[in-house]
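Take a look at the structure below.
Any read-out appearing in this document is the output of simple, stated calculations on the displayed coordinates, not a laboratory observation. As the structure is a prediction and not an experimental result, all values here were calculated from the model. All Cβ positions, even for glycine, are placed from backbone atoms using ideal geometry, and neighbour counts span all protein chains on display.
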Amino acid sequence: MAEESYLIDRALEGDRIAFTSLVQLHQDRLFSSMLQVTGSPEDAEDVVQEAFISAFVKLDTFQRNSQFFTWLYRIAFNSALSKRRRKRAKISLDYWREINGLEVVDETVPVDEPMLRRERVASVRQAMLTLTEEHRGILVLREMEEHSYEDIAEILEISIGTVRSRLSRARNQLKVSLEAMHRAEESAGS
C-alpha cells in the first residue's frame, strides 16, 4: 500500500504524526485480533498499546519483506503470549458464566436462531480460553483472521508443516474442550 509505505518512511524520519496515522490505520483490526487471542478487552487494549510502542521503537527493523500489519501482528501476538504466561490465572467455567451472563439453556424452551448463534459463539470463546497459547493463537490466525498458512508461518516464524500440525492439534483440542463443556452443561441440566 503506497500510503502505508509513505507513512512508514515519514515515521522513520521522526514524523510522529505519520506514525499516529499508521496506528489509526491498524488499531481497530489489531484490537479485534488481540481480543480473540486474549479473551479480555482490557488485556487486548494493553497488548495493542504495547505493540504500537514496540513498533515505534523498532520501526527501523521493519524490513518490508512482509506487510506492515503482519509485522505488527507478530509483535502484538508475542506480547499477548508473554502477558498470558505472566498471568497464568486459571479461571473456572462458573466464573466465565458469571461475568458473561451465560447460563445453561433449558432445552424445553424454544429459542430463536440469533440467540443460539450467540451462545455457540460464546461456547467457542470459552473453549478457546482453555487452550494453550500456542493452540489458541494459531486458531485465531487461521479461523478468525483467515490468514493463509504462509502468513501464519511468517507471523509465528515456523514452517508451514508446523503450522499444519499445530492447527490439527489445536482443532482437536478445541473439539475436546467443546465436548467437555457440552457434557458439563448436560449434567448440570439433569
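Observations, loosely collected:
- Note, ³J(HN,Hα) from phi for the stretch 4-19, Karplus 6.51, -1.76, 1.60, rounded to Hz, x at Gly and Pro: 4, 4, 4, 5, 5, 4, 5, 5, 5, 7, x, 7, 5, 5, 5, 5
- C-alpha center-to-center spacing [the stretch 1-64, the stretch 158-190] in angstrom: 32
- Just so you know, the Cα atoms of the stretch 37-82 work out to an Rg and Dmax of 10.7, 32 Å.
- Entry note, the stretch 1-72: relative contact order of 22 percent, from Cα contacts under 8 Å with a spacing of 6+ residues.
- The GluC sites (Glu not before Pro) of the stretch 1-60 that DSSP puts in a loop, and whose beta carbon has at most 12 other beta carbons within 10 Å, are Glu13.
- Once the chain from Ser123 to Ser5 is taken as fully extended at 0.36 nm per residue, the excess over their C-alpha distance is 38.5 nm.
- Integer Hz, Karplus 6.51/-1.76/1.60 couplings in order for the stretch 175-182, x for Gly and Pro: 4, 4, 5, 5, 5, 5, 5, 4
- 5 angstrom amide H check on Ser40, placed H, neighbours 5+ away: none
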